[in-house]
Amino acid sequence: KKVAKEAYASFLVACSGTTTCDSGTCYTNAGEFFDENIKTGRTIKGGFLKDAGDVAGGIIGLILSLLVLCGALIVMVKLLHSLVMGQAKKVIMKGTQMNDYLAILVGLGITIIVQSSSVTTSALTPLVGIGVLPVHKMLPMTLGANIGTTFTSMFAALAVMKYGSLQIAFCHLLFNLTGILIWFPVPVMRRVVLRAACTLGFYASYWRLVPLIYILVMFVAVPGICLLISLLYSASVAGGVVVTLLFLGAVAGLIFWWVKLGGCYKVVSLEEREARKAEMEQEMGQVKDQCLATAEADGQTAEAPNGSAAPVEV
């Protein structure tokens, strides 16, 4: 077993006389030191969690560290919103009128500067929700924000310059770049993403738990199943192939039932879909009218002479 030299230099007693070791370094109490400090030693040796033990103290420390981390991130995002949201929102709105690839760069730049992709998404999401901004114009800005948020880990990795940290940071970056290259440049693939987003938003308007279920399925269940299948291949290739075919067959059967056999209409009927569509169009029309009325009122107020506000007919 290898132990850092500075950790044991003051504890081990070097051999004296004619005693030699194959490694060139010999200690009389190396076995005792290893048993007491490495094999049965305590990891948490100080602090307020010392008496809790390694297991309980580690769990408590992990929970407390996650709470502090999440709290610090929430406070940071709130401060960033209050400091740069006004200027960033103007840039974001101009980015939605640019070419899609330039919009990606705008989202990338804003996220790198403020180190928070939520600044971009929080500015765009309400506009899409009220129908002022179409979904296909929000997509490139969001993709740019996804790339920009990887630079946070990249900067941290460059600060320590360790092989493992740099490897993870580049994996994060290349994962996002690969996803964009697959789903964005080709219009047909891009429509798949947009259609999926609209579909998910439609069902989320009925049930608030749909986004949570989506996250658990796509980011926990599916990767977990794929990981288990990959581990099964190491134990039995034939078993891995059979389970893979069964999994793909189950997914294909679910898609066939949902699309071809009308499974989606068993979840939400056609009449309910048409009624919800008309209701959403009416709500969006009212919101647009209110936005236009507010903009016109602001414009007339700005044009009124001597600082007096011009009357606005409602």
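Nearest 20 debye, what's the magnitude of the dipole of the stretch 188-281 about its Cα centre given +1 on Lys and Arg Cβ and -1 on Asp and Glu Cβ?
Values: 9 positive and 5 negative charges, 38 e Å.
My answer is approximately 180 debye.
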Item to complete: Report, in whole Å, the centroid distance computed from the Cα atoms of the stretch 98-129 and the stretch 213-238.
Response: 32
Worksheet entry | Projected label distance in nm at residue 174 and residue 222, using a 7 Å step from Cα toward the beta-carbon | 2.2
Discussion item. Suppose R0 equals 30 Å. What FRET efficiency, 1/(1 + (r/R0)^6) with r the Cβ-Cβ distance, do residue 135 and residue 167 give to the nearest 0.05?
Written reply: 0.30
Worksheet, complete the sentence: Counting only residues 5 or more apart in sequence or on a different chain, those whose built amide H sits under 5 Å from that of residue 133 are 128
Practice prompt. Provide the solvent-accessible area of residue 183, counting protein heavy atoms only and rolling a 1.4 Å probe, rounded to the nearest 10 Å².
Written response: 110
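Given 0.36 nm per residue, what is the gain on full extension from residue 234 to residue 68 after removing their alpha carbon distance, in nm? Walk me through the numbers on the way to the answer.
Details: separation 166, 0.36 × 166 = 59.76 nm, distance 3.98 nm.
Length gained between residue 234 and residue 68: 55.8 nm.
Of 138, 98, which has the most accessible area and how do the rest follow, probe 1.4 Å? List each step's numbers first, then the result.
Details: 138 35, 98 75 Å².
Of 138, 98, the descending order of accessible area is 98, 138.
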Worksheet entry | Rounded to the nearest 10 Å², the accessible area of residue 233 at probe 1.4 Å | 80
Worksheet, complete the sentence: To the nearest Å², the heavy-atom accessible area per residue of the stretch 112-245 with 1.4 Å probe amounts to 61
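The values are calculated or read from the model by the stated rules, or taken from the named source; none is laboratory data. Remember, predicted model here, so these are calculated numbers, not experimental data. Backbone-built Cβ (ideal geometry, glycine too); neighbour counts: all protein chains shown. SASA here: full protein model, heavy atoms, side chains in, ligands and nucleic acids out. Shrake-Rupley method; radii C 1.70, N 1.55, O 1.52, S 1.80 Å.
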